[in-house]
Amino acid sequence: QPGLPALPAYVPREHDAVLGLVVKAAVEGSSGIAVLVGGSSTGKTRACWEVLRLLRDRPEEWRLWHPIDPSRPDAALRELPGIGPRTVVWLNEAQEYLDVADGGLGERVAAGLRELLRDPARAPVLVLATLWPEFWDALTVRPAAGGEDRHEQARELLAGHDITVPAAFTPAQMGPLARAADARMALAGRSARDGAVIQFLAGAPELLARYRHAPPTAAALIGAAMDARRLGMGAALPQAF
């Protein structure tokens, strides 16, 4: 609709207050890390974006760094030594940086981030990371006695810094949505099942409905793509496959 901003109106929840404390500490000079843990389309990335308003209004400039080229872990490892004060390190889908077995690359990135956070000469820096619960578990679980510890550095980096992002809005949070000025939020308030407001806004129910009602050939193609992802292929499946 004309006049609506690109992003729907934001509704702060409990995890936003906890995240804000980490950012305020960075404003005051203390390096820190916050790891938002939640399922798909629960609002982790948007929460990170919104909390950065605390930095956008500061007289001193902050830099937002999102390493991606030539690959996420390679870029992080290459550029970490040059990261200086007042930098936000943005690690969306942090497993793409930390759960990389090739040559111990993920552990080297985790070690570099730990060094960055503990270096007073480069403070303050702020690391914002997002993870699904299953990836959090994989990166932080302690190995059985005598077993290989594949994620020692990642566990030390992440442990104690997790902030849970709930999958659903509470009934009290849902109430005002139906009266919201933003038509998208009002529709979500009326239509989202079981408080799944963020998933509704992200189109997840519609995507699932399209899959359920897809013709056989389309459903088979999507099923093959899902199997390929489960077997370890990347997100960008080639046309030849």
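A few notes on this one:
- With the simple spin-label model, which puts each label point 7 Å out from Cα in the Cβ direction, the Arg58 to Ala228 separation comes to 4.3 nm.
- Estimated distance in nm for a label pair at Leu207 and His161, the labels positioned 7 Å out from Cα along Cα-to-Cβ: 2.8 nm
- Its convex hull of Cα atoms gives the chain a direction-averaged projected area, equal to a quarter of the hull surface, of 17.1 nm².
- Residues Asp194 and Ala138, FRET efficiency given R0 of 25 Å [Cβ-Cβ distance, rounded to 0.05]: 0.40
- Here the sum of -39500 (n - 2.57) over DSSP H runs of 4 or more residues, divided by the residues of the chain, equals -12500 deg cm²/dmol at 222 nm, to the nearest 500.
- Accessible surface ranking that places the most exposed of Leu201, Leu221, Leu91 first, with a 1.4 angstrom probe: Leu221, Leu201, Leu91
- Gap separating the Cα centres of the stretch 80-142 and the stretch 144-169, nearest whole Å: 12 Å
- Residue-wise HN-Hα coupling along the stretch 186-199, computed from phi with Karplus coefficients 6.51, -1.76, 1.60 (Hz; x: Gly, Pro): 4, 5, 5, x, 7, 10, 5, 7, 6, x, 7, 5, 5, 4
- Histogrammed with a bin width of 10 Å, the alpha carbon distances of the stretch 171-241 distribute as 18, 32, 24, 21, 6 percent, first bin at zero.
- Phi to ³J(HN,Hα) by Karplus 6.51 cos²θ - 1.76 cosθ + 1.60 over the stretch 106-123, Hz, x for Gly, Pro: x, 5, 5, 5, 4, 5, x, 5, 5, 5, 4, 5, 9, 8, x, 5, 10, 7
- Sorted largest first, the spans of the alpha carbon positions of the stretch 35-84 along the three principal axes are 35, 29, 15 Å.
- Translational diffusion coefficient (Stokes-Einstein; Kirkwood radius from C-alpha pairs) of the stretch 149-206 at 10 °C, 1.306 mPa s, in µm²/s: 118 µm²/s
- Its residue count N fixes a reference of 2.2 N^0.38 Å for the stretch 120-241, and the Cα radius of gyration divided by that reference is 1.51.
- Candidates Gly39, Gly147, Gly29: whichever shows maximal mean-square fluctuation once the chain is modelled as a Gaussian network with Cα springs under 10 Å: Gly147
- Of the listed residues Leu207, Leu7, Leu77, Leu128, the order by accessible area with a 1.4 Å probe, largest first, is Leu207, Leu7, Leu77, Leu128.
- Amide H within-cut-off set for Ile33, under 5 Å, with H built and near neighbours excluded: Val127
- Shape of the stretch 36-132, Cα gyration tensor, a/c cut at 1.5: oblate
- Exposed loop sites were defined as GluC sites (Glu not before Pro) in DSSP loop states (anything but H, G, I, E or B) carrying at most 11 other C-beta atoms within 10 Å; in the chain the longest segment without such a site runs 149-241.
- Scattering curve values for the stretch 1-89, log₁₀ I(q)/I(0), Debye with Cα scatterers, q = 0.14, 0.15, 0.22 Å⁻¹: -0.64, -0.72, -1.23
The values are calculated or read from the model by the stated rules, or taken from the named source; none is laboratory data. If you're wondering where the values come from, they're calculated on a predicted model, not measured in any experiment. Positions of Cβ are generated from backbone atoms using ideal geometry, with glycine treated the same way; all protein chains shown enter the neighbour counts. Ligands, DNA and RNA are excluded from the accessible area calculation, which covers all protein heavy atoms including side chains. Shrake-Rupley method; radii C 1.70, N 1.55, O 1.52, S 1.80 Å.
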